[in-house]
Amino acid sequence: MSIPDYMQCAEDHQTVLVVVQPVGIVPEDQFFRIYKRIASVNQVSIRDSQRLLYIRYRHHYPPENNEWGDFQTHRKVVGLIAVTTCGSAKEWPQTADRFHGLKEVFGSTLYDSRLLVFGLQGEIAEQNRTDVAFYPSYDQCEDVEKRVEDFVESIFIVLESKRLDRATDKSGDKIPLLCVPFEKKDFVGLDTDSRHYKKRCQGRMRKHVGDLCLQAGMLQDALVHYHMAVELLRSVNDFLWLGAALEGLCSASVIFHYPGGTGGKSGGRKPSISQAADSGKRHRPGAQEVLIDPGALTANGISADTSSEIGRAKNCLSPEDIIEKYKEAISYYGKYKNAGVIELEACVKAVRVLAIQKRAMEASEFLQNAVYINLGQLSEEEKIQRYSVLSELYDLIGFHRKSAFFKRVAAMQCVAPTIPEPGWRACYKLLLETLPGYSLSLDPKDFYKGTHRGWAAVQMRLLHELVYASRRMGNPALSVRHLSFLLQTMLDFLSDQEKKEVTQSLENYTSKCPGGMEVIALPDGLKLPPVPFTKLPIVRSVKLLNLPVILRPHKLKGLLGQNMATKSPFIYSPIIMHNRGEERGKKIEFQWVQGDVCEVQLMVYNPMPFELRVENMGLLTSGVEFESLPAALSLPAESGLYPVTLVGVPRTAGNITVTGYHTSVFGVNSDCLLESLPGVKTGGCAVEVVPALPRLQLSTSLPRSANALQPPSGEELSSSVSVQLFNGETQELVISLENIGTELLETLEVTSKTVNTKEKLYGEFLSWDLDEALSHFPLKPGQVVTLTVSIRVKLDFSGQENLLQDLNDDGISVTGLPISSPLRQVLKPRTESKTVSESGKTEYNHVKMLEAILNFRYSGGAGHAEGYYREVSLGVHLDVEPSVLFTRVSTLPATSTRQCHLLLDVFNSTEHELTVSAKNNQDLVLHGSECQRMAIQVDKFDFENIPEPDEERVRFTNPKQLEEERQQAQGCEINSKLGICWQIISFPRIPPGPSQSLSH
């Protein structure tokens, strides 16, 4: 016997073997459909008896195995069921001949046979025959199971008669010697009358009767016969049959202890009534460890003396003794080269028993012995089957890695060089089954959980084999998926050279079949999840960037409270505060704007030992519609953290969440989700997108400022201009406002503020008329409107601090002009014209700096309806050079008491020739750095007529502010009566007068 049955288990010893085979041409699907119905009748309760008969069906059975039927009766084919299709009466004779020919193959051992004929109708089909059943079609055969049950009962009748015939003591008859096929030639010429020979015949027959009793459902009788056979065969050193008797004893004991079976089959065995009764006596107190006297057995196997039942359970081996007897039996089988199949099957049966007993280490010893059993020249298919069964058995006892090892050996055997047509599909399927044993999963998400499990070197070898097998199968997409998985999950274990080789192979594969994110479904139902390249490159942080200052949206203050209402009626709730804190952690404070380019910054690095080219890298989002603008980058080998900015445009308003990014590396397209990236730092990935707003671009007629303004509030300026003026000069700034967005520009507000200056300004520094510009609104995209801003600078024109004190020193009082300083200067003789020294010139030429910010607030489109606006600021940097300075002021009486002569010492601090003029007075020409006296006849100043603030305003206003307002009013009074102006002759500009300085 050279073909082992790896599915054998101990309880198969109590089954009778029935072969079911097709005769003639039978459709395969129809045959197995009938076969399944026949095989469903696997145990039959015998009428007029308390016994069950178990049947084992096979649709293929080697005839040479049938020759070992005397050695172990469960190997003997005792029943044959043939299935045939017969379309007409003409085909019936040929079908009958084929059936008889099939019976002759197993004829020496058959107890009974049946022929199931489908499709034949007529006179032949109406014959009433017990061995043939006719059915019109495969769909009209309702009583197949009933016919099979009748067939099994007929087998039982024959089995029972043989058991009774062999069990009956016939002292006058010579007991035949039962042999296995290879023993027949060894017994030729032996002395058949010797005591040794007779004991051998008796022992083998006892063992044979034990097999028949076990098949006939008489478990306890079988145990008695096995015990007697063991004693007889041990006395004559008949080791092969002694091993069979021990194995039969083990099988009967296993059936007694484990009525549910050891084969792990879905349909558990139903214990017979006698077994159920016996199982209650396994640990019966006071039971005697004695064997039943064979003489106490009657013809039907039931003892007339019921007191002998006490010892029956003790004929059964204990669970520990079962394994010891299995070991002894296998050791006896090992003495015979031709009994390799028997030895191998006994090892398999013992392993299944040990698996139920949860004795894995001992089971592994039996399996290790089974590995080295030599069965001669096996075909490649038989080798594959052998290694597959070893793998299943190792898995059964919990040796998963060992199981995976033999499964992989079976896979490699499928594509052995000696096979003409290698089975790459079978190889690939078996390799997939080895993955759990090596702690390997094809889902990359399993590799993000904690430390790496399993041996990386073995796992990489297995993945390489999967890649090669899938390529030989002609499935490049599968090769790309496995190679991508290898690169993603085993990157930390690959050497630099291996990284280069794997990536080169991957590029070769993807040049023919690009990798993607689709799930690959295999024919057997297994689905391979996508493998995103989250390590190529590795992302360490993700940060959503705010829009540039000039594009950031602002909410009108009056509308801020509309979206802040809570559902709780309470002012404070710790639960609400907790929820808001969580939301703040996810949602970012700033907003993006619909239609504007938004940026997300990623900090990445390249773990590869060569330059990494990443193509088509863009953002993955959820929420509003988002247009990602892909980027391509090249990272140097083993680079440090490298900033990468990804951009996109939200096309609708609402809330948007950045869920990840997509890349294309080595021809594999990957969608990398942030939730599956370990160790990625992010300050929040959700942001609000407000409705679209227009975009305003400023351009000016003045040059840009080289020195950027630094506003004290920290705000940023879009641009700044620089201008240089003389004190008292006026310059116009023309600003072009262009709508470069896609929305209508509907509203515009302009404000200004002076920053970073300690100088005292008089009058309006920046002034404009917005009505002309607003008349062109709303401004369509691409349209331009201009705004003229007047820059008028008026600083102090006095050349010294207490300039007006000279008026009092001259004995002339100015009504209402407060002069409270105790200092007095003596009026010194003055010359009509004098030149200032170099030191004085340097002092008067000090340049002063002024800075101001023009703020443009504008809105339009859908964002305007929601209360949003934008701001753009323009900085104005002004360098003020001194022009004319009044170094001394004095007065003289005039002819009229209502008037006086105002004497002014005027100094030209510029390098240019200029003229100074006043109301009703001749112009005074001054050369560069020249000082002259100027006399002006004016009415006396009367400040008492300036209206005073009411008492309520005085009470609630800062005194310092009131004083400044009073001095401002006095300055306006002086300026209206003097009207002093200066003009540089070589310049066409005419700056306004400096008379306001006299208010000091």
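The values are calculated or read from the model by the stated rules, or taken from the named source; none is laboratory data. As the structure is a computational prediction, the values presented were derived from the model and not from experiment. As a convention, Cβ positions derive from the backbone with ideal geometry for all residues, glycine included, and neighbour counts pool all protein chains shown. Surface areas here come from the heavy atoms of the whole protein model, side chains and all, with no ligands, DNA or RNA. Shrake-Rupley method; radii C 1.70, N 1.55, O 1.52, S 1.80 Å.
Below, the figures for the structure above:
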read-out	value
Among (1) closer than 25 Å to T109 by Cβ; (2) surrounded by fewer than 20 Cβ atoms within 10 Å (Cβ to Cβ) - the single one S88 does not satisfy	(1)
Residue in segment 432-469 that is nearest to E392 (Cα to Cα), counting only those that are buried (at least 16 other Cβ atoms within 10 Å of the Cβ) and touching a Pro at 6+ places or on another chain (Cβ under 8 Å)	L442
Positions within segment 724-746 being farther than 18 Å from K794 by Cβ, among the acidic types (D, E) and open to solvent by 70 Å² or more (accessible area, probe 1.4 Å), in sequence order	E746
Wholly within segment 640-708, strands (runs of 3 or more DSSP E) carrying at least 1 residues that are modelled with pLDDT of 95 or more	642-650, 654-665, 668-673, 686-690
Some residue of segment 688-702 being under 29 Å from K760 (Cβ atoms) and open to solvent by 40 Å² or more (accessible area, probe 1.4 Å)	yes
Qualifying residue in segment 890-904 (condition: aliphatic (A, V, I, L, M) and touching a Gly at 6+ places or on another chain (Cβ under 8 Å))	no
Leading residue by the ranking (nearest to K327 (Cα to Cα)) among those in segment 365-388 that are among the polar types (S, T, N, Q) and in contact with a Lys or Arg (Cβ under 8 Å, 6 or more places away or on another chain)	N374
Close pairs (8 angstrom Cβ cut-off, 6 or more residues apart or separate chains): free of Cβ contacts under 8 Å to residues at least 60 places away in the same chain in segment 141-160, acidic (D, E) anywhere	S154/D112
Residue match in segment 719-739 (condition: assigned to a loop (DSSP other than H, G, I, E, B), over 15 Å from R857 (Cα atoms) and free of Cβ contacts under 8 Å to residues at least 24 places away in the same chain)	no
Residues of segment 516-525 classified as closer than 17 Å to L463 by Cα and in contact with a helix residue (DSSP H, G or I) (Cβ under 7 Å, 6 or more places away or on another chain), total	1
Test result for Q922, open to solvent by 60 Å² or more (accessible area, probe 1.4 Å), of a type outside the set (A, V, I, L, M) and out of contact with any strand residue (DSSP E or B) (no Cβ under 8 Å at 6 or more places or on another chain)	yes
Count of segment 173-223 residues which are more than 18 Å from S161 (Cα to Cα), open to solvent by 10 Å² or more (accessible area, probe 1.4 Å) and of a type in the set (A, V, I, L, M)	4
Qualifying positions in segment 616-652 - surrounded by 15 or more Cβ atoms within 10 Å (Cβ to Cβ), small (G, A, S) and farther than 17 Å from L544 by Cβ	S639
Residue in segment 893-900 that is in contact with a strand residue (DSSP E or B) (Cβ under 7 Å, 6 or more places away or on another chain) and surrounded by 18 or more Cβ atoms within 10 Å (Cβ to Cβ) present	yes
Residue satisfying all of: in segment 951-973; more than 25 Å from S798 (Cβ to Cβ) and open to solvent by less than 90 Å² (accessible area, probe 1.4 Å); modelled with the highest pLDDT among these	N958
Top-ranked residue of segment 45-61 - restricted to ones that are within 30 Å of W241 (Cα to Cα) and touching a residue at least 60 places away in the same chain (Cβ under 8 Å), ranked as surrounded by the most Cβ atoms within 10 Å (Cβ to Cβ)	L53
Meets criteria (under 58 Å from the mean Cα position of the chain (by Cα), surrounded by 13 or more Cβ atoms within 10 Å (Cβ to Cβ) and not in a loop (DSSP other than H, G, I, E, B)) for E749	yes
Some residue of segment 762-776 being over 27 Å from L737 (Cα atoms) and either open to solvent by 70 Å² or more (accessible area, probe 1.4 Å) or modelled with pLDDT of 50 or more (or both)	yes
Exclusive hit being out of contact with any Cys (no Cβ under 6 Å at 6 or more places or on another chain), under 23 Å from Q731 (Cα atoms) and modelled with pLDDT of 80 or more, set S976, S909, S917, S995	S909
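Okay, residues lined up against (1) open to solvent by 30 Å² or more (accessible area, probe 1.4 Å); (2) not polar (S, T, N, Q):
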{"position": "R472", "(1), (2)": "yes, yes"}
{"position": "N475", "(1), (2)": "yes, no"}
{"position": "L486", "(1), (2)": "no, yes"}
{"position": "Q497", "(1), (2)": "yes, no"}
{"position": "E501", "(1), (2)": "yes, yes"}
{"position": "G516", "(1), (2)": "no, yes"}
{"position": "K527", "(1), (2)": "yes, yes"}
{"position": "T534", "(1), (2)": "no, no"}
{"position": "V539", "(1), (2)": "no, yes"}
